[in-house]
Amino acid sequence: MMHGFALIMGSVFGHSWAVNILKQCQKLVTVTKASHKLRHWLRTEMDLLKLSDPVLYKGLTWLVVAATTRFSSTYNCMLSVLRLQQAFNNMLQKHEAELTGSKATAGQTAAVKIIKSKFFWRDLDILTPIAKPFNQACNLPHYHGISLYVRPVKNMSDSFS
């Protein structure tokens, strides 16, 4: 069952459209976390928009890095970026000159391009709800205390007893 599930996920999230969105999400998260200025400015905007309440946002109060081996982290990465869209836009309105000026890093310039892209936000808004059921299915065993451990079979007759 899990193999089939992995094949479906790979088919959906291996599509070039989805891969591009995921790469842009990860780039935005990585650049923001690596830059002291961006982190500070984004946190300030989050506070102004009251987006920092861990109870209200189920602990998802900051940007999540996607791990390639954990699908739920990919979904949480997309969700965290999407949830902070307004904070990113507000930050860009206030600090675009500093982020695109002569002292801007290549990462900051790339982040500005992603934030300004209406297609990125539209596509992320489409892909995130598609990913939600996959995330729920991945986490279902964990929430219900179910183990996906399969007892090894020593010989075929054991499997039918």
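Listing for the model above:
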read-out: Which listed residue is modelled with pLDDT under 85 and either of a type in the set (D, E) or touching a helix residue (DSSP H, G or I) at 6+ places or on another chain (Cβ under 8 Å) (or both), from N135, N89; value: N135
read-out: Condition check for V65: of a type in the set (V, I, T) and more than 16 Å from W41 (Cβ to Cβ); value: yes
read-out: Positions within the range 80-97 being within 21 Å of L51 (Cβ to Cβ), open to solvent by 70 Å² or more (accessible area, probe 1.4 Å) and out of contact with any Leu (no Cβ under 7 Å at 6 or more places or on another chain), in sequence order; value: Q93, K94
read-out: Subset of the range 98-124 (residues that are modelled with pLDDT under 95 and open to solvent by 80 Å² or more (accessible area, probe 1.4 Å)); value: E98, S102, K103, A106, K118
read-out: Residues located in the range 16-40, provided they are open to solvent by 50 Å² or more (accessible area, probe 1.4 Å) and of a type in the set (S, T, Y); value: S16, T30
read-out: Search result, residues across the range 15-51 that are modelled with pLDDT under 85 and under 17 Å from the mean Cα position of the chain (by Cα); value: H15, L51
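The values are calculated or read from the model by the stated rules, or taken from the named source; none is laboratory data. On a predicted model such as this, the values are computed, not experimentally measured, just so you know. All Cβ positions, even for glycine, are placed from backbone atoms using ideal geometry, and neighbour counts span all protein chains on display. Ligands, DNA and RNA are stripped out before the accessible areas are found, and what is left, the full protein with its side chains, is counted by its heavy atoms. Shrake-Rupley method; radii C 1.70, N 1.55, O 1.52, S 1.80 Å.
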